[in-house]
Amino acid sequence: MTMPRPTEYNREQANFSLQRTDSVSLYQPEQAKQDDSPAWIIPFPRSQTGPMDSPAITLPPEHERAMWKLFRDFFDLAEKKRRWNLVDDIPWAECNPGLKPVVADIVETFCAVELFLPDYSSKILPKVRHSKSRTWFYANWGYEEAKHSMALNEWLLKSGSRSEEYMADMEGKVFAREWNLPHDDHLAMLVYSMVQEEATFLNYRNLRSRVGELGSDPALEKLLNYLAVDEKAHHRFFRDCLRIYLEYDRTAVIDQLKRVMHDFNMPAINDLLDESQTRLAAIRELDLFSPDIYYREVYLPILTSLGISRQEMRTPLKEKKSQS
Ligand SMILES: [Fe+2]
Ligand SMILES: [Fe+2]
């Protein structure tokens with residue numbers, strides 16, 4: 001079956017808004033409209049069989065050793081410089097209850113996305129079980145992501161923006177949904193994670209600077225800074241893993257980069273929030289993330305840091321899917 005192939009990333013076609021989107025991966029169009037997929041979270045096919053169930057490749061020992069070193073460097077640096085304490089390190093007494101309501105709307109949205117941790121963890125771990133470095137990384141990553149949702153939840157309560165009852169209801173709505181891996185092999189998921197972590201970093205960083213402009217909230221600004229630093233560290237680990245895979249099979253990595261990066265969408269989570277058009281417009285006005293930001297601050301910098309030319313990203317994909 002002939003399927004459309006993306007050429008280079010096209011900003012005009014990209015969709016990063018908080019609007020519902022029916023966008024799907026170009027690679028599995030026949031599965032795109034399936035059943036009860038939660039279109040509001042990640043607009044990709046729900047059912048994943050075939051390659052998804054195949055064991056991932058095992059890297060040659062020297063590459064796996066290099067990846068383990070990456071993990072140890074990541075972990076040791078985190079232990080030394082990046083750990084923060086949810087209770088003691090955020091000036092909770094300085095929450096600003098007078099911030100514009102749109103800020104709480106966005107924080108709630110981010111909190112909801114972070115709450116999908118059970119799905120994020122349980123679905124990726126079997127795919128990376130072959131790699132001790134990636135498995136140990138995800139164990140540490142899960143701990144850090146767990147703190148993120150707790151910190152955002154705490155701010156929503158302590159700032160008086162949301163009640164306990166409201167948050168319990170919101171959590172119930174999140175847990176009633178299920179997130180599924182958006183791509184069909186572990187290498188594509190490595191690329192996706194690298195991109196998603198950088199996009200998340202930018203969202204937190206940009207929200208932090210908007211909060212400063214909107215009247216300041218030392219508690220929220222501090223916690224957003226911790227989150228942004230964590231997300232950047234996650235991004236770098238995934239990127240550095242990809243550098244190792246590039247040495248091992250450059251063509252396969254570039255194929256997955258094209259597949260994922262030319263068709264990347266941020267989660268569309270607005271259905272969760274029961275928001276009005278006015279509320280959506282207020283969120284969009286903050287301009288935390290957009291196709292331009294993606295192209296300028298995610299797409300191009302990633303290519304540069306991986307040493308991949310735009311020309312390489314324009315070559316046609318290999319017909320055969322990566323078996324990695
Ligand atoms: Fe996070
Ligand atoms: Fe993260």
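Derivation of every value follows stated rules applied to the coordinates shown; laboratory data play no part. Note that this is a predicted model, so its numbers are computed, not measured. Ideal geometry is used to build each Cβ from the backbone, glycine not excepted, and the neighbour counts take in all protein chains shown.
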**Study point:** Convex hull of region 153-194 built on C-alpha atoms - directionally averaged projected area, nm²
**Key:** 4.2 nm²
Review point. Cys95: net charge of surrounding residues, Cβ under 11 Å, Lys/Arg +1, Asp/Glu -1, itself excluded?
Key: -2
Revision key, fill the gap. Over all viewing directions the Cα convex hull of region 97-310 casts an average projected area in nm² of 11.8 nm²
Study note, to complete from the structure: Lys232 neighbourhood, Cβ < 11 Å, K/R = +1, D/E = -1, net charge 0
Check your understanding: Taking the mean number of other Cβ atoms within 10 Å as a proxy for protection, how do you rank 250-262, 150-162 from highest to lowest?
Key -> 250-262, 150-162
**Study point:** Sorted by Cβ density within 10 Å, fewest first, the residues Thr58, Thr315
**Key:** Thr58, Thr315
Practice item. Under 1.5 on a/c is rounded, so check that first for region 166-228, then, if it is not, pick prolate when a/b is larger than b/c and oblate when it is not; a ≥ b ≥ c are the square roots of the alpha carbon gyration tensor eigenvalues. Key: oblate
